[in-house]
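Some notes on the structure that comes next.
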Amino acid sequence: MMDFGQIRLARVVRALRDLPRDGRPQVCFAGRSNVGKSSLINALTGRKGLARTSKTPGRTREIHFFLADDRAYLVDLPGYGYAKVSQEERRRWGRLIEGYLEHADMLRLVVVILDIRRDPNEDDWDLIGWLRMRAIPFVVVLAKSDKVSGNVRAVQQRRIMEALARQTGANRAAGAPTNTRASSIGPIRFSARTGEGKNELLRIVLDALAG
Ligand SMILES: Nc1nc2c(ncn2[C@@H]2O[C@H](COP(=O)(O)OP(=O)(O)O)[C@@H](O)[C@H]2O)c(=O)[nH]1
Ligand SMILES: [Mg+2]
């Protein structure tokens, strides 16, 4: 069993040449800026101040590699889709994220984080479509579930699940590979506040790192 008590920020990467190449398995966390990525990593590891959270979107501009138990990395990607940065900056992030995903042969799983209150936007679909095209395993998490009532929670979960299924169908029709393992796990509702979904996601992440 992996010990998340033994986790530390091991590397901050601004350029592809600085990516770790030590053969340790990785799970990465991706999502729009401010969606709750860092809070999710903290909740999952039970380490409050591990990943820095912020009320101001667009703060993280690097890839953060958290080394767990000296065995595996949890990877915090910079948030995408934040409008208030220059085109040049956005392009740089895009290249960094895509370059990472493209070359990460030790990447076991991508946790795609959406806000439970919003339907996925173009940036989210870009990422999901991109992962599917490359047959990179991913699981979708609907973060901040505490922000909506139980009823809306279930409605949004179903909406997004159906949208994901439609997109899978479209990919299949276009001849793209489909990712059976990831698509068999529905979107997981998650809250860093209440702990909803924490154990389920933890099991998936640990399985991915062990497998
Ligand atoms: N109510 C609620 N707020 C959250 C949750 N997760 C994150 N937040 C808040 O959303 C903001 C952005 O969170 P952060 O983790 O920094 O997002 P990131 O930019 O995706 O890493 C912060 O103000 C957090 O306190 C959650 O599960 N519930
Ligand atoms: Mg963050």
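Below, the figures for the structure above:
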quantity	calculated
Those residues of the range 188-211 which are assigned to a loop (DSSP other than H, G, I, E, B) and either out of contact with any strand residue (DSSP E or B) (no Cβ under 8 Å at 6 or more places or on another chain) or of a type in the set (Phe, Trp, Tyr) (or both), in sequence order	PHE190, ARG193, THR194, GLY195
Those residues of the range 166-190 which are at pLDDT 80 or above and under 23 Å from ARG203 (Cβ atoms), in sequence order	PRO187, ILE188, ARG189, PHE190
Of residues in the range 20-51 being among the charged types (D, E, K, R) and in contact (Cβ under 8 Å) with a residue 12 or more places away in the chain, the one nearest to ligand 1 (Cβ to nearest atom)	LYS37
Residue identified as touching a Phe, Trp or Tyr at 6+ places or on another chain (Cβ under 7 Å) and near ligand 2 (Cβ under 9 Å from one of its atoms) among ILE63, ILE41	ILE41
Number of the exception - ARG17 against (1) loosely packed, with under 15 Cβ neighbours inside 10 Å; (2) at pLDDT 85 or above; (3) within 16 Å of ligand 1 (Cβ to nearest atom); (4) not in a strand (DSSP E or B)	(3)
Residue within the range 124-142 that is under 24 Å from ASP18 (Cα atoms), in contact with a Gly (Cβ under 7 Å, 6 or more places away or on another chain) and in a loop (DSSP other than H, G, I, E, B) present	no
Residues of the range 68-86 satisfying the condition of being within 13 Å of ligand 1 (Cβ to nearest atom), at pLDDT 75 or above and surrounded by fewer than 21 Cβ atoms within 10 Å (Cβ to Cβ)	TYR80
Condition met for GLY129 (within 16 Å of ligand 2 (Cβ to nearest atom), in contact (Cβ under 8 Å) with a residue 12 or more places away in the chain, closer than 21 Å to ALA163 by Cβ and not β-branched (Val, Ile, Thr))	no
Meets criteria (farther than 23 Å from ILE160 by Cα and of a type outside the set (Ser, Thr, Tyr)) for LEU107	yes
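Here's the yes/no breakdown for (1) within 12 Å of the chain's Cα centre (by Cα); (2) in a loop (DSSP other than H, G, I, E, B); (3) crowded, with 19+ Cβ neighbours inside 10 Å:
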residue	(1), (2), (3)
ARG24	no, yes, no
CYS28	yes, no, yes
SER38	yes, no, yes
THR53	no, yes, no
PHE66	no, no, yes
GLU88	no, no, no
GLU102	no, no, no
VAL112	yes, no, yes
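The values are calculated or read from the model by the stated rules, or taken from the named source; none is laboratory data. Small disclaimer: the values here were computed from a predicted structure and weren't measured. Reconstructed Cβ throughout: ideal geometry from the backbone, glycine too, with neighbour counts over all protein chains shown.
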